[in-house]
Amino acid sequence: MAAETHTETVAPPAGAKPEAVVTTATSEQPHKSGGLPQFRFEYWGGQIIWLLITFAILYALMAKVFVPRLRGIQDTRAQTIADAVEQARRVQAEADAQAAAAKAEIEDARAQARRVAADAKAKAQAEMAASQAAEDERLRVQLEKAEERIKATRDAAMANVGQIAAETAEAIVAKLTGAAPSRAEVDAALSTRTPEGVA
């Protein structure tokens with residue numbers, strides 16, 4: 001129990017001396033304990049009102065501030081992803097187009113290389129054929145000249161065969177008999193030989 005002290009000042013009655021009369025009263029009141037105020041029925045009305053006010057404030061904040069921000073973030077993220085996917089598709093399409101163009105250029109280069117190789121081969125074969133023809137003509141001319149020289153040498157040799165035969169016959173007869181025959185005898189003997197023997 002707690003003691004309470006009250007001090008009161010009483011105005012003096014009429015005709016009395018202006019002196020303050022001070023009275024002191026001491027009262028003692030017992031302290032009452034009723035638990036937590038939140039669980040007391042008489043406070044529920046105020047608590048419900050503050051609950052509704054708080055809910056309304058939070059709902060307004062969620063509806064006007066937080067949810068739009070979250071929706072904006074989600075929309076921005078979705079748009080960023082869509083833009084990235086679209087850009088990746090464009091890049092892929094450009095890469096495919098460049099690959100197709102490069103493949104076409106490679107095929108054209110190969111075809112051109114094959115044409116150049118075929119042209120070079122044909123040109124080389126033509127040049128080789130021309131060179132071979134020229135070489136054959138040169139050899140033919142040299143062969144004709146050689147045959148002409150051989151024929152001239154043979155004709156010259158054949159022209160001297162009679163004289164060589166006569167001289168040879170004279171030498172053989174002189175060696176065998178010890179006496180050299182006359183040229184007339186040798187010529188007469190050679191003239192009786194057949195052409196086969198002379199040839």
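The values are calculated or read from the model by the stated rules, or taken from the named source; none is laboratory data. Computed from a predicted structure; not experimentally measured. As a convention, Cβ positions derive from the backbone with ideal geometry for all residues, glycine included, and neighbour counts pool all protein chains shown.
Results, tabulated for the structure shown:
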| read-out | value |
| --- | --- |
| Some residue of region 72-80 being part of a helix (DSSP H, G or I) and either exposed (fewer than 10 other Cβ atoms within 10 Å of the Cβ) or within 30 Å of the chain's Cα centre (by Cα) (or both) | yes |
| Criterion (outside any helix (DSSP H, G or I) and modelled with pLDDT under 75) met by exactly one of ALA189, ALA180 | ALA180 |
| Failed condition for VAL21, given (1) modelled with pLDDT of 60 or more; (2) surrounded by 10 or more Cβ atoms within 10 Å (Cβ to Cβ); (3) not hydroxyl-bearing (Ser, Thr, Tyr) | (1) |
